[in-house]
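Working notes, structure below.
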Amino acid sequence: MKRSALNICIGLAGQIIIILLGIVVPRLFLVNFGSETNGFLNSITQIFSYFTLFEAGIGTASLQALYGPVARQDRQGISRILAAASRFYYRTGMLYLLAVALLSLLYPLCVSSDIARSTMAVVILFNGAGGALSYLFQGKYLVLLQAEGKNYILAVVNTAVNVASSLCKAVLIGAGCSLPVIQGSFLAISIVQMLGYELYIRKKYGWINLKADPDYKALGQKNSVLLHQFSTLVFSNTDVILLTFFTDDLKLVSVYTVYNMITGMCRNLVEQVSGGVVFRMGQLYQTDRKKYFVYHNYYEVLNMTLGFTVFTIAYLLLPPFIRLYTDGVRDIDYLLPYLPLLFVLIQLITTARQASARLIDYAGHFKKTQWRAMLETGINLTVSVLGIWRFGIYGVLFGTIAALVYRANDMILYACRHIICNSPWKTYRRWGINLIVFFTVCRISSGVSLFVESYLDFAFKAVWVGMGTALLYVAVNALCERDMVKEMAGRFWSGK
């Protein structure tokens, strides 16, 4: 419990800092370099996210395999799993580095832009090298920290890196430095981060034996995990890539990424809270299945309440914030109708299915559900590609929503029928209640225009909007889940 609270508190504090920096620094790029450069930087970031496929499912498979040995404090079992993971990470890490080099050569030849090809190549090389080196040398250790519930360490390091990187970029932009120099500072900080993790692991985990007999069987589902990972990446990152290559307009990519950046930050806040207990839920599933199912129910209600609260606030505040954030940028219109609703709907559906998705992961049903994940990918790509020709930026959002609606329902039905062995009615009822509240708020707010004059004015109004929205969702969900609230309160006070 203490470690979960620590994960949540430190994670939230770090995420708030990252959000503030994540708002300021992209605006500096937007104002000083223009929408095209902003679109380019976000485009290559999304492409690099696909390079995590080189992990071939090793990370998630290792994480699920480690929950049991970690809960039992079986050091030999942990070493054997990490020994197997280490071998996979090394092989695929070399491919990762090669892919970074190839992308730096090919991307400038495939995308039409006013940005110099040499600049594109160097920026891509610097951007990708940091992630590749981190993956190659410390990927296996980060998985162990997650399995042990030490997400707070990852949060502290991630926050420190973001602060240092953002400050360097801000100073270099102010000094009029070029894009390659600015991106080079990020690579340097990434190398320092990697060395810091290496020293920590050697000091705290000197007992790890990577020469132990590798437990390849524990990672037996890595190929099935890879298919799920690919599906997740398509859902999360395909839109930017399709807009980059099908519209050939990096300015339109910039519009998408500004909205996606803000809603993504809100999602990270939700995940910092819900993710703080993930390690404990995973261990509990392996050691006390009956108790896990009780807490699964709690997790679903709390996560759904939190998610709907945060994203309803985001929907109400997106238009005035976008207007404020892009003030002075004249090369493309960022205030497009319906974008706030579509981006928020994507996050709502994603958050609402999270409890079922995690349960499927804990149960290790990767192979049994892999064809479902690939069907989700097919729906997303098909609808997005067809939609982009007719509806432009809206088309890719339609594709993501269509795939999410299918997969969210599939996850709920699968988890209830094959793992919990219970009716999905409770979950659907919770969805329905929160959706009714959301669309009611949308309907009422449609006739009200929230105008802000400054960031301080925005912050003041955001507090009142946030408090009112939070009270509404907490009251509605508490009223509809009266028995559960009483049960949770009783367990809390009794310490069970």
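The values are calculated or read from the model by the stated rules, or taken from the named source; none is laboratory data. Bear in mind that the values here come from a model prediction, so they are computed numbers and not experimental data. Using ideal geometry, Cβ is built from the backbone for each residue, glycine included, and neighbour counts are taken over all protein chains shown.
Structure above, values below:
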{"quantity": "Cross-chain or 6+ apart pairs with Cβ under 9 Å, region 65-77 first and crowded, with 18+ Cβ neighbours inside 10 Å, then among the aromatic types (Phe, Trp, Tyr)", "calculated": "TYR67/PHE279; TYR67/TYR285; TYR67/TYR362; VAL70/PHE279"}
{"quantity": "Hey, VAL253 touching a helix residue (DSSP H, G or I) at 6+ places or on another chain (Cβ under 7 Å), closer than 25 Å to ILE17 by Cβ and either hydroxyl-bearing (Ser, Thr, Tyr) or crowded, with 18+ Cβ neighbours inside 10 Å (or both) or not", "calculated": "no"}
{"quantity": "Answer residue from region 136-153, given it is outside any helix (DSSP H, G or I) and in contact with a helix residue (DSSP H, G or I) (Cβ under 7 Å, 6 or more places away or on another chain) and is surrounded by the most Cβ atoms within 10 Å (Cβ to Cβ) among those", "calculated": "GLY149"}
{"quantity": "Pick from region 44-85, criterion part of a helix (DSSP H, G or I) and charged (D, E, K, R), ranking: modelled with the lowest pLDDT", "calculated": "GLU55"}
{"quantity": "Residue match in region 334-351 (condition: under 29 Å from VAL465 (Cβ atoms), surrounded by fewer than 21 Cβ atoms within 10 Å (Cβ to Cβ), in contact with a Pro (Cβ under 7 Å, 6 or more places away or on another chain) and in contact (Cβ under 8 Å) with a residue 40 or more places away in the chain)", "calculated": "no"}
{"quantity": "Conditions (1) at pLDDT 85 or above; (2) part of a helix (DSSP H, G or I); (3) surrounded by fewer than 19 Cβ atoms within 10 Å (Cβ to Cβ): number failed by LEU233", "calculated": "(1)"}
{"quantity": "Long-range neighbours under 6 Å by Cβ, at least six apart or interchain, first residue within 16 Å of VAL437 (Cβ to Cβ) within region 296-307, second not in a helix (DSSP H, G or I)", "calculated": "VAL301/GLU481"}
{"quantity": "Any hit, region 310-324, residues being in contact with a Gly (Cβ under 8 Å, 6 or more places away or on another chain), assigned to a helix (DSSP H, G or I) and either of a type in the set (A, V, I, L, M, F, W, C) or surrounded by fewer than 21 Cβ atoms within 10 Å (Cβ to Cβ) (or both)", "calculated": "yes"}
{"quantity": "Per-region count, region 400-421, residues of a type outside the set (A, V, I, L, M, F, W, C) and without any contact (Cβ under 8 Å) to a residue 24 or more places away in the chain", "calculated": "2"}
{"quantity": "Which numbered condition ALA101 misses (of (1) within 28 Å of LEU252 (Cβ to Cβ); (2) at pLDDT 80 or above)", "calculated": "(1)"}
{"quantity": "Pick from region 448-486, criterion among the polar types (S, T, N, Q) and in a helix (DSSP H, G or I), ranking: farthest from ASN303 (Cα to Cα)", "calculated": "THR469"}
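Conditions tested, residue by residue: (1) in a helix (DSSP H, G or I); (2) modelled with pLDDT of 90 or more; (3) hydrophobic (A, V, I, L, M, F, W, C).
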| site | (1), (2), (3) |
| --- | --- |
| PRO337 | no, no, no |
| ILE346 | yes, yes, yes |
| THR350 | yes, no, no |
| ALA357 | yes, no, yes |
| HIS365 | no, no, no |
| LEU375 | yes, no, yes |
| TRP389 | yes, no, yes |
